[in-house]
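To keep things clear, I will list the structure first and then write my remarks on it.
The values are calculated or read from the model by the stated rules, or taken from the named source; none is laboratory data. Predicted model only: the values in this text are computed from it and were never measured. Cβ sites come from the backbone with ideal geometry, for glycine too, and all protein chains shown count toward neighbours.
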Amino acid sequence: MSQVFFIGAGPGDPDLITVKGRDIIARADLIIYAGSLVNPAVLAVARPDARIEDSAGMDLARTTELLVGCVREGKVAARVHTGDPSIYGAIAEQMAELDKAGIGYTVVPGVSSAFAGAAALKCELTLPEVSQTVILTRIGGRTPVPEKESLASLAAHGATMVIFLSVGEMDRVVEALRTGYTDDTPVAVVYKASWPEEKIVRGTIADIASKVESAGLAKTALIFVGRAIAPGVMQAYSKLYDSEFRHGYRG
Ligand code: SAH
């Protein structure tokens, strides 16, 4: 059936796209991808005659025009986003435009960089007795964040946090986090998770900003915060594995 598919390309490693996403890319007539972050290697399966466009220089009107035109010709369009499209993917506005045009679409999820980053850190974000909550957020910038969701107010929960789109402003991030986390709280910055050039910088609230600056990481990175991300954190909580510890559901 001709329609538009919004596809999560995954975090970078071309093997981290879903089978479903890859199959749609392999049969699509038109592929529009976010060139700044989507690894072009995920498009290697595209048909030789597929039209492939980088959305970097396009506005919403232009991408919509291409998608609508493709479907009206009875063809299949793949709109490829980095990670999972539901996280800072700007798909809501695109879907609203397709709704207006009466064009159907499907969203195919992807592996968010949040999870590729957690895999790189080899940590359990929801570590029992440490945190059972993960907050995915960003610091306010040109795109404002609602006041009730300021980093400082979210920090008050002390939960595990994954901060997108903010590594260029480490000083402001740390200042906001200080209101809720102690200075020795572990922080890790993961640059280009799952790409060959992946880098991890580990530190604490007290020293992460200077470490990230020395490493020269200013974009395409995530900031992980909380005791759950500390290497070896399990040793401190080994009683979970104690035979005396009675529990009903360990996953
Ligand atoms: N939808 C994407 C996020 C898009 S917003 C997802 O689910 O991952 C773009 C931001 O995501 C970047 O500024 C960076 O903070 C983060 N990001 C995307 N890919 C990344 C990767 N491979 N490693 C680390 N951070 C990444």
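Tell me, yes or no, whether segment 139-154 has at least one residue that is within 14 Å of the ligand (Cβ to nearest atom) and in contact (Cβ under 8 Å) with a residue 40 or more places away in the chain. No; the residues of segment 139-154 include none that is within 14 Å of the ligand (Cβ to nearest atom) and in contact (Cβ under 8 Å) with a residue 40 or more places away in the chain. Hey, any hits in segment 107-126 for a residue that's in contact (Cβ under 8 Å) with a residue 40 or more places away in the chain, among the polar types (S, T, N, Q) and within 22 Å of Ile25 (Cβ to Cβ)? Yes, segment 107-126 contains a residue that is in contact (Cβ under 8 Å) with a residue 40 or more places away in the chain, among the polar types (S, T, N, Q) and within 22 Å of Ile25 (Cβ to Cβ). The test for being more than 10 Å from the ligand (Cβ to nearest atom), at pLDDT 95 or above and crowded, with 21+ Cβ neighbours inside 10 Å does not hold for Val189. Of all residues in segment 37-82, those that are within 14 Å of Ser2 (Cβ to Cβ), among the small types (Gly, Ala, Ser) and exposed (fewer than 15 other Cβ atoms within 10 Å of the Cβ) total 2.
Looking at segment 91-174, none of the strands (runs of 3 or more DSSP E) lying wholly inside it contains 3 or more residues that are assigned by TED's automatic domain parsing to the domain that holds Gly8 and among the basic types (Lys, Arg). Taking the criterion of being over 23 Å from Val201 (Cα atoms) and among the aromatic types (Phe, Trp, Tyr), the only residue of segment 91-139 that qualifies is Tyr105.
Every residue, every condition in (1) among the hydroxyl-bearing types (Ser, Thr, Tyr); (2) modelled with pLDDT of 85 or more, yes or no:
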| site | (1), (2) |
| --- | --- |
| Lys211 | no, yes |
| Gly216 | no, yes |
| Thr220 | yes, yes |
| Ile229 | no, yes |
| Val233 | no, no |
| Phe245 | no, no |
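If you go through segment 188-203 and pick out every residue that is in contact (Cβ under 8 Å) with a residue 40 or more places away in the chain and part of a strand (DSSP E or B), you end up with 3.
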